[in-house]
Amino acid sequence: MQPLLHLNNVSKRYGAVRVLDGIDITVADNEFLTILGPSGSGKTTILRIIGGFEGIDGGSLMFEGRDLSAVPINRRPFNTVFQDYALFHHMTVAENVGYGLKVRGRPKAEIAARVAEVLDTVGLGTLGGRYPAQMSGGQRQRVALARAIICEPRLILLDEPLSALDVELRAQMQRFLKSLQRRLGIAFVFITHDQEEAIALSDRIIVVNRGRIEQEGAPEELYRRPRTPFTASFLGDNNLIPGTLAAIDGRLCTVDTAAGRLDATVDGPAPAPGSAVLVAVRPEHVRLDADPAAPHGMSAEVADVRFLGANVMIELFNPALPGAVIKVRRLADGSVAGLRPGASVRLGWAADDAALLQVAP
Amino acid sequence: MNTSLRRDRQDLLRAGLGHALNLGLPLLFVVIPILSFVVVSFWTLQDGQILLIPTLANYRAFFTEGSYLPVYLQTVGLSLQVTLVNVALSTAIALFIFRRTPRMRFLILMSFMLPLFMSYIIKVYSIRSILGQRGLLNEAMLGLGLIDQPIEALLFSRTAIFIALAVLYLPYAILPIYLALDRIPANYLAASADLGATPMQTLRAVVLPLGRPGIAAGAVFTFILTFGDFVTPQMVGGTQGFTFGRIVFSQFGLALNWPLGSALAVILLATTLLAVALAGLSLRREHVR
Amino acid sequence: MNWMSRAVAASLTTLTLLSSAAAVAQPKGEVRLLAYEGYADPAWVEEFEKQTGITVKVTYVGGVDEQIAKMKASNGKDYDVVTIDTASLKAYADQKLIAPIDKAKLTSAGNLLPEFRDMANATFDGATYGVPWAWGSLGMVYDKKTFPTAPESWEVLWDPKYKGKVISLDDANNAVNFGAIVLGMKDPFHLTDAQFAQVKDKLIALKRNLLTYFAGFDEGTTIWTENDVVLMFSMGELAAINLQKKGFDVGYAIPKEGAVGWLDNLTVSAGTSNPDAAYAWMNFVLQKKIGADMAKKFGYGSTTDAPEGMDYASRLIWADNPEDYTRRQAIWNEVKAAE
């Protein structure tokens, strides 16, 4: 099936600085796609390219098989929710929301009806007569959404729209965004640097770093099976233990590290034995009571035990891995009550819970 | 306790002094001079002597005698026309600057502000030497063969007044308009285009409405400066350059008719205040972001 | 003496005071002058001091009002010789700020040109209060190429042939004087209502023939140089002199109707403490060579030595105070406001 939108091998430079390099992104109809990356990763540039605010230096941008690169901003079938909303402060909420229809020359009565409808949709039914300055941050957010959806675009671009909200409001808006997207059936391309937000909202996440795509996939897949060190550390906590690939048997790998021989599994093409690799294992997947006689696994000494409410975070070290702190998360129940700094434990995990990551040469 | 009382008193004194300055300086430099000629405007002139007898005769004279009212109305008309031309031109220039890159903006803006650093009278003289029958413009056009006789109507005409006042007062209009445009967040323009507006629609619906405070300020500056100008129109407008400001000025020369001059000056001031008020009124709908 | 140079003189006053304070000695006392610019040239002062041993102290004034104020402040006790324009003489005499001239002491009176010798302009009720000293006129400047001989009548300014090539002085009082003189009115300084109406119409008619008005010597000459102008109702001889200096072939004429003239007089202050010194200075500057020097340096007409071309003093109408400045200004405003 043809994707709704396809960025094919897109590159972009600012002067001598290459900000995007070989970006390939497809967006499917009705999809909630998040582009996740730290600041400076190029994620906003991708959004601006889709919106038409930036041109491209290489590759192509196709919409339903049609080349978009020569189509000006105002004729692209997308609308954008800007980071600071960009609501016109000299217009009422209703005027802001109806703007897209007005510039298309729609009749006043139709605009009024549609504005009322859309304001209802975003839960601002009675506030059309207000000015943006008279509204709270969350309300403005909804106005910006209403303004973006009124023209029934095929795709809505959202540029970190929740970053200005406080934690509680943000959680509420996340639920709202997600339900709105499902109700409308419009594709959302959402930009954020917040991995929790990305995981909570998205059907699919594309992780970008330094102008390149690191990895893409469903949130759970990215979380459980990161393929690059960046993805592994950017999405949630991860213990990354360096070593050398000793043996490979199907997906199952054995890695030699300074602290001992460890298990991991690999997705996709595997590196050759002897390559430098990392073993990525989540704190919640590390067992503290592994069989000391097992051939694989490592010993460690408890450095600190921190109580975090529902969880306890245990920090350990192994003298053979200088500078590395191994984190283990446990439910704060009786199972860890006896653990004190200085205690020696044996660490282990199921091979399926540890991802083998290639280290870029 | 005694010391703290003294300190309180000192603080009070200092605060009082501060307030006195806050009120006193404008009072000293603005209100009192204006009040003084408001007072004089109600005095009587008899046989060349100013008598402290209150009268409305000076104001009555404005409406009934001589050419005061007709010249006043003509000057209002002229000022409105100059304002219209000037604001249209300044808005276009400000928009032009606004669309450049930030560094170019500053350079272009500065070059338009440059005339502000020149003496007023030198500017008028240079305009005159450019527009004169043997002036730069005519000589150049003659030299290029565009015309075979100097254009006489360039200088000492209404056209010349428009050109001169536009040149003189353009910076006063460009600056506030540009500053207003400069305050428009860049993503408003992006948002407007994103919502489907053409550049012209964005100009009409977003840029010009948001530039309105600047445009109003530019219009008020131009109107006030033009309305009160008693030198430029006279110097470049020839026999067409007689303005209300000139009449006010003439009462303070040999005529020594200070009461009438003051009354006319009060009317001039009232007119400029009215212009400011009208501009303020037109901005009522402006909302804070 | 005109108002422009008076304004310049005012600004020079302080400077001159400083330099004269530094001057030397006082063997035979001093003479204190209250004068307009150009009336006490440093070269003359130096020669006079060397000759007589009398120290000269000059106070320059910029205008009539300032002069009266200074004289009134001390009833004339601060000054010995005062130069006063003809129109103001009587006011000074009436207020006893100046003393009648003692003709026996005025040994240089014989140097005066015939038309000034009777001092009629300065004589009231049998007493003479001033000695004519410097003069000028508000005449016509014309382009010699257009007019090989000087136009005979002011009416040429109204000739439609020269429409847009005429400029005229923007000065309420002198414009009204000018209109009245062109219309042949006997006393251009005291007009009746009917005469005012005529003058106003005449000036409005002139306005339609003008390129523009001008104010001041500089503006008049600048407009002439930058535009195609052939006729000017001027501020004075200096206008023509300045244009000639710039290479313009212009002439200066007093047409048959006449023109306003101004005439400044040397007077003796009523409060003088040293009348001999006062007369010594007056006798000194009434020498023909001083008059000639002044004409050359400042373009003023001298009463002792008629400079070349300035042979029209007898056809001038010496300026008098007008009946009503306020009214003249109102009339002039109406002229300028007329379509």
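The values are calculated or read from the model by the stated rules, or taken from the named source; none is laboratory data. Owing to the predicted nature of the structure, the values given are computational and were not obtained by experimental measurement. All Cβ positions, even for glycine, are placed from backbone atoms using ideal geometry, and neighbour counts span all protein chains on display. Note: accessible area is taken over every heavy atom of the protein model, side chains too, but ligands, DNA and RNA are not part of it. Shrake-Rupley method; radii C 1.70, N 1.55, O 1.52, S 1.80 Å.
Restricting A:76, A:66 to those that are surrounded by 20 or more Cβ atoms within 10 Å (Cβ to Cβ) and either out of contact with any strand residue (DSSP E or B) (no Cβ under 6 Å at 6 or more places or on another chain) or at pLDDT below 95 (or both) reduces the list to A:76.
Within the stretch B:46-80, the residues that satisfy the criterion of being of a type in the set (A, V, I, L, M, F, W, C) and under 30 Å from residue B:166 (Cβ atoms) are B:62, B:69, B:71, B:73, B:76, B:78, B:80. Going through the stretch A:201-215 one residue at a time, which ones are open to solvent by less than 10 Å² (accessible area, probe 1.4 Å) and closer than 15 Å to residue A:189 by Cα? Listed by number, the residues that qualify are A:201, A:205, A:206, A:207, A:208. Among strands (runs of 3 or more DSSP E) entirely within the stretch A:267-361, having at least 2 residues that are under 17 Å from residue A:247 (Cα atoms) singles out A:276-281, A:354-358. Any idea which of (1) over 18 Å from residue A:26 (Cα atoms); (2) open to solvent by less than 40 Å² (accessible area, probe 1.4 Å) is the one residue A:166 doesn't satisfy? Going through the list (1) over 18 Å from residue A:26 (Cα atoms); (2) open to solvent by less than 40 Å² (accessible area, probe 1.4 Å), residue A:166 breaks only (2). Only one entry of A:146, A:171 meets the criterion of being part of a helix (DSSP H, G or I) and farther than 17 Å from residue A:80 by Cα, and that entry is A:171. Filter the stretch B:221-236 down to the residues that are crowded, with 23+ Cβ neighbours inside 10 Å and within 12 Å of chain C (Cβ to nearest Cβ) and list them by number. Result: B:233, B:234, B:235, B:236. Mind checking which residues of the stretch A:1-18 are open to solvent by less than 30 Å² (accessible area, probe 1.4 Å) and in a strand (DSSP E or B)? A:5, A:7, A:10, A:11, A:12, listed by residue number. In this structure, residue B:90 does satisfy being of a type in the set (S, T, N, Q), surrounded by 18 or more Cβ atoms within 10 Å (Cβ to Cβ) and on the phi < 0 side of the Ramachandran plot. Being among the charged types (D, E, K, R) and at positive phi is a condition met by no residue of the stretch A:167-187. Scanning the stretch A:51-92 for residues that are out of contact with any Pro (no Cβ under 7 Å at 6 or more places or on another chain) and of a type in the set (A, V, I, L, M), we see that the one that is farthest from the other protein chains (Cβ to nearest Cβ) is A:62.
Restricting C:171, C:193, C:201 to those that are within 14 Å of chain B (Cβ to nearest Cβ) and charged (D, E, K, R) reduces the list to C:171. Please determine whether any residue of the stretch A:182-195 is closer than 26 Å to residue A:354 by Cβ, open to solvent by 10 Å² or more (accessible area, probe 1.4 Å) and of a type in the set (Val, Ile, Thr). Checked the stretch A:182-195: no residue is closer than 26 Å to residue A:354 by Cβ, open to solvent by 10 Å² or more (accessible area, probe 1.4 Å) and of a type in the set (Val, Ile, Thr). Taken as a whole, the structure leaves residue A:160 outside the set of residues that are open to solvent by 40 Å² or more (accessible area, probe 1.4 Å), of a type outside the set (A, V, I, L, M, F, W, C) and in contact with a helix residue (DSSP H, G or I) (Cβ under 9 Å, 6 or more places away or on another chain).
Listed conditions (1) more than 14 Å from chain C (Cβ to nearest Cβ); (2) closer than 30 Å to residue B:270 by Cα are all met by residue B:92, apart from (2). In the stretch B:183-193, is there at least one residue being touching a residue at least 24 places away in the same chain (Cβ under 8 Å) and more than 14 Å from chain C (Cβ to nearest Cβ)? Yes - at least one qualifying residue is present in the stretch B:183-193. The residues in the stretch C:126-150 that are in a loop (DSSP other than H, G, I, E, B) and in contact with a helix residue (DSSP H, G or I) (Cβ under 9 Å, 6 or more places away or on another chain) can be counted, and the count is 6. The residues in the stretch B:125-162 that are out of contact with any Pro (no Cβ under 6 Å at 6 or more places or on another chain), over 18 Å from residue B:241 (Cβ atoms) and part of a helix (DSSP H, G or I) can be counted, and the count is 7.
Of all residues in the stretch A:109-121, those satisfying the criterion of being within 17 Å of residue A:138 (Cβ to Cβ) and either surrounded by fewer than 20 Cβ atoms within 10 Å (Cβ to Cβ) or in contact with a strand residue (DSSP E or B) (Cβ under 8 Å, 6 or more places away or on another chain) (or both) are A:120, A:121. Pairs are defined by a Cβ separation below 7 Å, a sequence spacing of at least 6 or placement on different chains, a first member in the stretch A:274-286 that is on the phi > 0 side of the Ramachandran plot, and a second member that is part of a strand (DSSP E or B) and open to solvent by less than 30 Å² (accessible area, probe 1.4 Å); the pairs so defined are A:274/A:245. Any chance the stretch B:71-83 includes a residue that's open to solvent by 100 Å² or more (accessible area, probe 1.4 Å) and more than 30 Å from residue C:337 (Cβ to Cβ)? No, there is no match, as no residue in the stretch B:71-83 is open to solvent by 100 Å² or more (accessible area, probe 1.4 Å) and more than 30 Å from residue C:337 (Cβ to Cβ). Inspect the stretch C:207-217 for any residue being assigned to a helix (DSSP H, G or I), under 24 Å from residue C:239 (Cα atoms), among the small types (Gly, Ala, Ser) and touching a residue at least 24 places away in the same chain (Cβ under 8 Å) and give the result as yes or no. Scanning the stretch C:207-217 turns up no residue that is assigned to a helix (DSSP H, G or I), under 24 Å from residue C:239 (Cα atoms), among the small types (Gly, Ala, Ser) and touching a residue at least 24 places away in the same chain (Cβ under 8 Å).
Open to solvent by 10 Å² or more (accessible area, probe 1.4 Å), touching a Lys or Arg at 6+ places or on another chain (Cβ under 6 Å) and more than 8 Å from chain C (Cβ to nearest Cβ) - does that describe any residue in the stretch B:237-244?
Step one: of the stretch B:237-244, the residues open to solvent by 10 Å² or more (accessible area, probe 1.4 Å) are B:239-240, B:242.
With the extra rule that they be touching a Lys or Arg at 6+ places or on another chain (Cβ under 6 Å), the set shrinks to B:239-240, B:242.
Among the residues that remain, those that are also more than 8 Å from chain C (Cβ to nearest Cβ) are: B:240.
Yes - at least one qualifying residue is present in the stretch B:237-244.
Among the conditions (1) under 30 Å from residue A:296 (Cα atoms); (2) open to solvent by 30 Å² or more (accessible area, probe 1.4 Å), residue A:218 misses just one, which is (1).
Just so you know, in the stretch A:170-181 the residues that are at pLDDT 90 or above and among the charged types (D, E, K, R) include one that is most open to solvent (accessible area, probe 1.4 Å), and it is A:175.
The conditions of being surrounded by fewer than 22 Cβ atoms within 10 Å (Cβ to Cβ) and of a type outside the set (Asp, Glu) are met by residue B:273. Go over the candidates A:156, A:111, A:149 one by one and state the one that is under 22 Å from residue B:193 (Cβ atoms) and more than 12 Å from chain B (Cβ to nearest Cβ). The conditions single out A:111.
Looking across the stretch A:23-42, the residues that are open to solvent by less than 30 Å² (accessible area, probe 1.4 Å) and farther than 17 Å from residue A:65 by Cα come down to A:23, A:31, A:32, A:33, A:34, A:35, A:36, A:37, A:41, A:42. Of all residues in the stretch C:187-201, exactly one satisfies the criterion of being under 12 Å from residue C:336 (Cα atoms) and either surrounded by 18 or more Cβ atoms within 10 Å (Cβ to Cβ) or touching a residue at least 40 places away in the same chain (Cβ under 8 Å) (or both), namely C:200.
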